[in-house]
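S.K.: One structure, as structure tokens, below. Some questions next.
Laboratory data are not the source of any read-out in this text; all were calculated from the coordinates shown. On a predicted model such as this, the values are computed, not experimentally measured, just so you know. Here the Cβ positions follow ideal geometry from the backbone for every residue, glycine too, while neighbour counts run over all protein chains shown.
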Amino acid sequence: MLQDYVKAMKMGEKEYRACVSRGEYPYLPVLDEIVSHVEIESQVSLGLVQIPLKQVVGTYSAGRTTAFARNFMPILDEMSEFGSKWADLYDALESEGLRDPIKAFEFNNKFYVMEGNKRVSVSKYMDAVTIDGTVTRMIPKLTDDPEIKLYYEFLDFYEKTEINYLYMSREGNFKKLLTEVYNKTDENGEFVKWSKDERLDFHAFFSSFEKEFAPRAEGKLNITAGDAICEFLAVYDYKEEKEKSQTEIRNDLVRFWRELALYDRGDELTLVLNPTPESRKTALVKLIPGMGTGQLKIAFIHDKSAQESSWTYSHELGRKYVMDVFGEGIATTSIVRNEDESEDDVFADAVKAGNKVIFATSPKLASSALKAALKYPEVIILNCSMSLTHQTIRSYYLRMYEAKFITGAIAGAMLEHGGIGYISDYPIHGTTAEINAFALGVQMVNPRAKVHLEWSMVKDRDPREEFRKNDINLISGRDLNAKTSMGQEFGLFRLNEDGSHTNLAMPVRHWGKLYEEIIRSILRGGYKNDENVFGPQALNYFWGMSSGAIDVIYSRNLPAGLVRLLRTFRQDIRAMDLNPFSGPIYDQNGNMRCDESDSLTAKESVSIDWLNENIIGYIPDISELKDEAVELVKVQGIKEHTDVQVNDTAEGIVKK
């Protein structure tokens, strides 16, 4: 009907005026003009494809472009021949539907019409979702252009899924989504192609998700629905979500919205290097209602027992420390997750038991901790990890590299011959900083000494045997755990010729100091104040020797002059006057990583993915690791970094 054409024309004229006022081209983009500046690698026929109309954005050639505004609505006079044909086509589509598919080119997952511009215009006016079309894909030559690199990731994704209705704005998300949805690979580690039923299931879920996401995000978020669902499914299990009702999906998305807003701003992580004055203030309204009327129940959830893990053992010492400090004011529970027990159930049980604060002490527990924090907003949940970029849950870690620097100095001073051995475990955030700080401590007192790096989690390799081959008897090894006696090797030790050993020094994590400070801020009601100071950011308490959470214990038999030097180092690090990562610093390839007049920031130490020049060794790939290490490295591995902000004073000053 002609009156529908008039309505469509008014929509087109409105879009035209809006584009002109913004200084934008008001007509349809022309593919011929776009690709004239791009080297095309190949053209591939996709055959008959169901094209998402929201992704039909232009025309192949300039012939008809001025007949439409950028939204594909017509702008020619209603009395023109074009207007009459458009109105007739509308009547035909309304009564009979679309008979003939359009012809289009796809470029960067956007579609440009070669034949059927009016069919697209009418279909968009009628609020159709898709249109059938015979499509030819134009593939640009791969370059360093981020947009083209992203498109090549889409091509791999499309090959496995045949999905063209979603797109990403950030590299890595297509592969991440494949992992989150089905994660099926063949014997070569390649993702398996989705079946028809799997494609239909995902389309149904994505449609429900996009229905809730799109209106909330319009004008507020820059990320795509594809980015959002990728981030969403990193927390919520796809198999569970696809079975949920529209209302349940809406509720989950509403709970997760703050995380999407943070992700949209760029995954900013604020490192809080010391307790802030604001967190120590007493609030008029307590954070947890009824706090002053009874015990504060606190759960410590561990991934392994203290008997098998020095990491858990140190956290258990911290739990026992706060029990002594607060006495009857708190009640703590130590929970070790069993292998056959769901992480989500462990957190749910801890909440049901009345715990108002939960410390999840392993990075492996990060995802379940976040889900629990979203589900139980009345409970304060923190996770011990280095790179958790979520606003709903805070994380915490310790600057262990400060203590490693001091033990490195001890090793350098005590070296008699050969090199120094260093055994690390997981190539994750934090460990590379510790390795390099140790090497820099060695280098400061013994510039010619070499540090031989070995990994206990690399398959088919024995660090002790490698050290024996290289005549190395001065070794930085494991920390204390519940099974370790004072007569065993730990920390920095020397192997003696008679087969005995001498323990020289050991870095100490005093988690209890950190737990005490956090619990006090919760009891006072000041815990919330850190969020008010730093704004809507992901917060990580990254404390070190200045807060008393890190220290070094060493043998009484060390030379007196060395002890005096170590005391000076410790005093200066505590005052934050000495940064272990002070330049000049060169990596193994001779590249300068820090100028002589500069120092690496906490942000830069977190992101270290290189080794100092005096280190002999390398950072292993995940494929080289034992099975037991893979899960943690996937979560916390140093291969991916986040943008970080740093608060390095007690006054709350943020440095970018």
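S.K.: When the dipole is taken about the Cα centre of the chain, and only Lys, Arg (+1) and Asp, Glu (-1) are charged at their Cβ, what size is it in debye, to the nearest 20?
M.R.: With only Lys, Arg, Asp and Glu charged at Cβ, the dipole is about 2040 debye.
S.K.: On to the next question. Report the relative contact order of segment 1-141, percent, no decimals, based on alpha-carbon pairs under 8 angstrom and at least 6 residues apart.
M.R.: 36 percent
S.K.: Taking amide H positions as placed 1.01 Å from N in the peptide plane, with prolines and chain starts having none, which residues 5 or more places from G421, or on another chain, fall under 5 Å of its amide H?
M.R.: H452, L474, I475, S476
S.K.: Counting only DSSP beta bridges with both residues in segment 1-141, what percent are antiparallel, rounded to the nearest 5?
M.R.: Beta bridges within segment 1-141, antiparallel portion: roughly 65 percent.
S.K.: Now, a different point. Could you line up Y5, Y618 from fewest to most neighbouring Cβ atoms inside 10 Å?
M.R.: Y618, Y5
S.K.: A further question follows. Using the Karplus curve 6.51 cos²θ - 1.76 cosθ + 1.60 with θ = phi - 60°, work out ³J(HN,Hα) for each residue of segment 311-317 in order, rounded to whole Hz, and write x for Gly and Pro.
M.R.: 4, 5, 4, 5, 6, 5, 4
S.K.: What is the order of S61, S387, S367, S21, fewest Cβ neighbours within 10 Å to most?
M.R.: Starting with the residue having the fewest Cβ neighbours, the order is S21, S61, S367, S387.
S.K.: Tell me the mean residue ellipticity at 222 nm calculated for the chain from its helices only (DSSP H runs of n ≥ 4, each -39500 (n - 2.57), averaged over every residue, nearest 500).
M.R.: Estimated from H runs of four or more residues: -12000 deg cm²/dmol.
S.K.: Turning to a different aspect of this structure: On a 0 to 90° scale, report how tilted helix 627-636 is relative to the longest principal axis of the chain, with both axes built from alpha carbons and the result rounded to the nearest 10.
M.R.: 70 degrees
S.K.: Segment 108-148 to segment 383-426: how many Å between their Cα centroids?
M.R.: For segment 108-148 versus segment 383-426, the Cα centre distance is 52 Å.
S.K.: Determine the alpha carbon to alpha carbon distance for each of K304/K371; K375/K528; K176/K404; K297/K513; K110/K239 and list only those over 24 Å.
M.R.: Cα-Cα > 24 Å for K176/K404; K110/K239; rest within.
S.K.: Further, regarding this structure: As a footprinting exposure proxy, order I573, I301 by other Cβ within 10 Å, with the fewest listed first.
M.R.: Fewest-to-most Cβ neighbours within 10 Å comes out as I573, I301.
S.K.: For a test of the definition: using alpha carbon positions, the gyration tensor, and the 1.5 limit on a/c, classify segment 144-266 as rounded, prolate or oblate.
M.R.: Oblate shape, in that a/c is at least 1.5 and b/c is the bigger or equal ratio.
S.K.: To continue, here is another question. Counting every Cα pair in the chain, what percent are over 41 Å apart?
M.R.: Here the long-distance tail beyond 41 Å is 41 percent of all Cα pairs in the chain.
S.K.: Then there is this: At R0 = 22 Å, how high is the FRET efficiency between K469 and Y618 if r is their beta carbon distance? Nearest 0.05 is fine.
M.R.: Step by step, r from the Cβ atoms, then E = 0.85.
S.K.: Helix 511-524 versus the longest principal axis of the chain: what angle, 0 to 90°, nearest 10, using Cα atoms?
M.R.: 60 degrees
S.K.: Same structure, new question: Report, by chain and number, residues whose modeled amide H sits under 5 Å from the one on C384, excluding near sequence neighbours (fewer than 5 apart, same chain).
M.R.: Amide H to amide H, under 5 Å and 5 or more residues apart or across chains, C384 pairs with A360, T361, S362, Y396.
S.K.: Give the distance, in whole Å, between the Cα centre of segment 54-80 and the Cα centre of segment 201-267.
M.R.: 33 Å
S.K.: Can you tell me, using C-alpha contacts under 8 Å and at least 6 residues apart, the relative contact order of segment 130-284 as a whole percent?
M.R.: 21 percent.
S.K.: When DSSP assigns beta bridges and you keep just the ones with both residues in the chain, what percent turn out antiparallel, to the nearest 5?
M.R.: About 45 percent, rounded to the nearest 5.
S.K.: How big, on average over all directions, is the shadow cast by the Cα convex hull of segment 328-385, in nm²?
M.R.: Hull-based average projected area comes out at 4.0 nm².
S.K.: On to the next question. Can you give me the long-range amide H partners of L46? Hydrogens built in the peptide plane at 1.01 Å from N, cutoff under 5 Å, separation of 5 or more residues or another chain.
M.R.: For L46, whose amide H was placed from the backbone, the distant partners under 5 Å are V135, T136, R137.
S.K.: Separate question: Strictly over 20 Å apart at the Cα level, which of K193/K634; K242/K364; K184/K634; K141/K184 would you flag in this model?
M.R.: Result: K193/K634; K242/K364; K141/K184 exceed 20 Å.
S.K.: Roughly how tilted is helix 401-414, in degrees to the nearest 10 and between 0 and 90, from the longest Cα axis of the chain?
M.R.: That helix lies at roughly 40 degrees to the long axis.
S.K.: Moving to a separate point now. ³J(HN,Hα) across segment 135-151 via Karplus (A = 6.51, B = -1.76, C = 1.60, θ = phi - 60°), whole Hz, x for Gly/Pro?
M.R.: Result, rounded to whole Hz: 10, 10, 8, 9, 9, x, 5, 5, 9, 7, 4, x, 5, 6, 4, 5, 5.
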